[in-house]
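Data block below; observations after.
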Amino acid sequence: MQRQDEEMDSLGPRIKELRLEANLNKAALARRVGVSDVTISYWESGAIRQIGHERLVALSQALGCPLSRLLEGENGGRAAPLYLRSQPPAPWQDPAAGRIELPFELVPAQQWEGECFLLTPAPGEHFDFLSEGDLVAVAPTDIFHQTGLYLVEREGRHCIRRVSQDDDGKLLFSAEESDRVEGYTPDTRLLGKLVARWQTASL
């Protein structure tokens, strides 16, 4: 809890710093984000300590900076996304990739207890349920928890599938644009559950 309070305390001053760097007054930033200039003042002062997912994304776009810099500053590392590729290993399993925990502001604790990682499709890679530039929070797990989207290794390649269970407890896998449901095979392995997704959209 102390770490979360420290992160929220630093977010307000960082919003102000980035706003000044972008040569924006509060009213101009408010128009870009779609809030009042009073709300901007509250964010910068810390009077409002909870900022929703959509507002954080809108803020980063309005300020012309990566979401990682808004959340972590110049030297922050936890919010930087890892590239998701169709070939193993999973991004967080690659020794060359830093282990990056998702900031709590993006995934409320009640949604998932445990570490999450921010992923985005690598250039030239295509995945069901994701478009270029989308961000997903993935919690590493090899256990089925509930119906939803999972990062899956199947036939030696990574893919995203909607995973559910039938009445007998057997896992079922479905793609985005297919009515066909596939069953579990020996070469299928759950790698992680998608707990949040942010889709690219122009403001």
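The values are calculated or read from the model by the stated rules, or taken from the named source; none is laboratory data. Everything numeric here is computed off the predicted structure, so don't read it as measured data. Counting neighbours? That spans all protein chains shown, and the Cβs are built from the backbone with ideal geometry, glycine included.
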> Pairs under 7 Å by beta carbon, first residue at positive phi in the range 120-138, partner modelled with pLDDT of 90 or more, six or more apart or different chains?
Replying inline: Phe129/Leu149; Phe129/Ile160; Phe129/Glu176
>> Can you go through Ile143, Ile160 and tell me which one is part of a strand (DSSP E or B) and among the aliphatic types (A, V, I, L, M)?
In response: Ile160
> Out of (1) surrounded by fewer than 12 Cβ atoms within 10 Å (Cβ to Cβ); (2) in contact with a Ser or Thr (Cβ under 8 Å, 6 or more places away or on another chain); (3) modelled with pLDDT under 90, the odd one out for Asp179 is which?
Replying inline: (2)
> With respect to the numbered conditions (1) surrounded by 17 or more Cβ atoms within 10 Å (Cβ to Cβ); (2) in contact with a strand residue (DSSP E or B) (Cβ under 6 Å, 6 or more places away or on another chain); (3) modelled with pLDDT of 90 or more, which one is the sole condition not fulfilled by Leu102?
Replying inline: (3)
> Out of the residues in the range 63-99 that are touching a Gly at 6+ places or on another chain (Cβ under 9 Å) and in a helix (DSSP H, G or I), which is modelled with the lowest pLDDT?
Replying inline: Ser68
> What is the number of the single condition among (1) outside any loop (DSSP other than H, G, I, E, B); (2) at pLDDT 90 or above; (3) of a type in the set (A, V, I, L, M, F, W, C) that Phe127 does not meet?
Replying inline: (1)
